[in-house]
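The values are calculated or read from the model by the stated rules, or taken from the named source; none is laboratory data. What you see is a predicted model; the values in this text were computed from it and never measured. We place every Cβ from the backbone using ideal geometry, glycine too, and count neighbours over all the protein chains shown.
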Amino acid sequence: MKPGMLGMIAGVLLAGAVQAAGFEARPATPAPDLLAQDLAGATKTLADYRGKVVLLNFWASWCPPCLREMPSMERLRVKMTGRPLAVVALDSAETRAEVDAFLAKMQVGFPILLDPDGSNTKRWKVFALPTTFLLDASGRIRYVLTGPTEWDEGEALTKIEALLAEAAAAQAR
Amino acid sequence: MNMKRLERFLAALLFALGAGAAHAGLPEHRVFAAEGERLLLWVSAARGRTEPELHAAGQLAARGVETWSVDLVSAYFLPQLPRSMDAVPTPDMVDWLRAALARDKQVVVYAINRAAVPVLRAAAALDPAERARLCVMLAYPNLYTVAEPLAEPEYLNFGSLTGLRVRVLQPRRSAATPWLPGLLDSLAAQGVAVRHVILENLREGWWMRETPTEFEMAESRRMHELLLRELDEWGCQ
């Protein structure tokens, strides 16, 4: 077997291990500021979602893994109708025209925020796309995921349900 | 001899026995000879050397730019991961650069993504006079030591790179684009005379994408033109 082939096999095995890292729990970290416009031109901040669990997803239209996970985000939004969860997708460092071109092909019901100058991307220290933050109902970061997932099932759904249960318990007290 | 040294020795031996080892002690590379006054050292990314890169190297040679193409993950029997580039022996890279400089041509290194790391380490190990003769083009260089969500980025420190001329080629459609100013600052702080260009409508590794756009496919076919244009506009010739 050629050395290059052995290297490739080792690479594939190691790459799999990296992908398996999954959600990274954070000790209730305060979130950076979010200041972005939605598609209607309204300015949005995290205060707009206070009292809700927030799934804040950083994406771009040129990023295939971002687009792969979006249908599951939409299914999650529909599944969670009436429950205190906000699914928010912030487009990283693209023009409005690029976002519009993408949304003409894939319609989603969750809000899209714009970050044309990348300022939110830099404040949240996002170095890879997609990167998603799960915030609790108090606006604190509880989980970070770098890379895509199926948001309406498995570990992602379990973590979101746990944060929702936590919020419900706090409200009941 | 410890296991790592033994593995490296065996890997080097295998390549030396294989076809066309260019020079003992230097990383295995393919030579696209040309009579022109420029010599381009093409250092592929951790995914290895691709067919479009070989095509571009051939086209560059046909236009008078001698090109040496190296695939470091294969040459050093490393996993195809960006961090593998950090394991490339600096002395070998220094020898390679010196072998190129000895050709009495204008030497330009073109390194992709994390392949920038062994190149800059070697450049830092050169004598200042040697370094001043070298030009480096870095395609979306990954020079992070830390790039974690919510944490400030940290960049590798190579020591003194004073006198080195670097041009960064940054595809617009990259998560690294918003971070480009910090990367440029880091290089400048190490003495690099750094310039950059944004490559519009391209993603990182546009020539090896699974689902390339029409534009990316066209740019892959004419990658040699992009490099020639950058070399000429930059003036490092």
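All but one of (1) modelled with pLDDT of 95 or more; (2) closer than 30 Å to B:Ser84 by Cβ; (3) away from every other protein chain (no Cβ under 14 Å) hold for A:Ala20; which doesn't? Answer for A:Ala20: the failing condition is (1). The single condition among (1) assigned to a loop (DSSP other than H, G, I, E, B); (2) without any contact (Cβ under 8 Å) to a residue 60 or more places away in the chain; (3) within 14 Å of chain A (Cβ to nearest Cβ) that B:Gly163 does not satisfy is (3).
One residue is enough: does the range A:95-108 have a residue meeting the conditions under 28 Å from A:Ala40 (Cα atoms), out of contact with any Ser or Thr (no Cβ under 9 Å at 6 or more places or on another chain) and either within 12 Å of chain B (Cβ to nearest Cβ) or β-branched (Val, Ile, Thr) (or both)? Within the range A:95-108, one or more residues are under 28 Å from A:Ala40 (Cα atoms), out of contact with any Ser or Thr (no Cβ under 9 Å at 6 or more places or on another chain) and either within 12 Å of chain B (Cβ to nearest Cβ) or β-branched (Val, Ile, Thr) (or both).
The number of residues in the range A:48-85 that are without any contact (Cβ under 8 Å) to a residue 60 or more places away in the chain, of a type in the set (Gly, Ala, Ser) and either farther than 30 Å from B:Pro212 by Cα or more than 14 Å from chain B (Cβ to nearest Cβ) (or both) comes to 1.
Regarding B:Pro212, is this residue surrounded by 15 or more Cβ atoms within 10 Å (Cβ to Cβ), touching a Lys or Arg at 6+ places or on another chain (Cβ under 7 Å) and free of Cβ contacts under 8 Å to residues at least 12 places away in the same chain? In short, no. Just give me the residues in the range B:75-90 being in a helix (DSSP H, G or I) and either under 26 Å from B:Leu231 (Cβ atoms) or without any contact (Cβ under 8 Å) to a residue 24 or more places away in the chain (or both), in sequence order. Across the range B:75-90, the qualifying residues are B:Ala75, B:Pro82, B:Met85, B:Ala87, B:Thr90.
For the range B:9-48, enumerate the residues that are within 11 Å of chain A (Cβ to nearest Cβ) and at pLDDT below 50.
Once the filter is applied, which keeps residues that are within 11 Å of chain A (Cβ to nearest Cβ) and at pLDDT below 50, the range B:9-48 yields B:Leu10, B:Ala11, B:Ala12, B:Leu13, B:Leu14, B:Phe15, B:Gly18.
Selection over the range A:121-137 of residues that are without any contact (Cβ under 8 Å) to a residue 24 or more places away in the chain and not basic (Lys, Arg) gives a count of 2. Can you confirm whether the range B:43-63 contains a residue that is crowded, with 17+ Cβ neighbours inside 10 Å, in a strand (DSSP E or B) and not basic (Lys, Arg)? Yes. Residues of the range A:127-167 that are of a type in the set (A, V, I, L, M) and under 16 Å from A:Gly22 (Cα atoms): A:Ala128, A:Leu129, A:Leu134, A:Ile141, A:Val144, A:Leu145, A:Ala156, A:Leu157, A:Ile160. Taken over the range A:27-56, the residue count meeting the criterion of being modelled with pLDDT under 95 and in a strand (DSSP E or B) is 4. Name the single residue that is nearest to A:Glu94 (Cα to Cα) among those in the range B:166-187 being away from chain A (no Cβ under 14 Å) and under 16 Å from the mean Cα position of the chain (by Cα). Taking the candidates together, the pick is B:Leu169.
When B:Pro141, B:Pro128, B:Pro153 are screened for being closer than 16 Å to A:Val126 by Cα and not aromatic (Phe, Trp, Tyr), only B:Pro153 passes. Among the residues making up the range B:134-160, those that are in contact with a helix residue (DSSP H, G or I) (Cβ under 7 Å, 6 or more places away or on another chain) and either modelled with pLDDT under 95 or within 14 Å of another protein chain (Cβ to nearest Cβ) (or both) are B:Tyr140, B:Pro141, B:Asn142, B:Leu143, B:Pro153, B:Tyr155, B:Gly159, B:Ser160. Kindly indicate whether any position in the range B:59-67 is in contact (Cβ under 8 Å) with a residue 40 or more places away in the chain and under 21 Å from B:Gly205 (Cα atoms). Yes.
Residues in the range A:37-57 include none that are within 22 Å of B:Trp206 (Cβ to Cβ) and out of contact with any His (no Cβ under 8 Å at 6 or more places or on another chain).
Checked against (1) part of a helix (DSSP H, G or I); (2) buried (at least 17 other Cβ atoms within 10 Å of the Cβ); (3) at pLDDT 95 or above, B:Met217 passes all but a single condition, namely (2).
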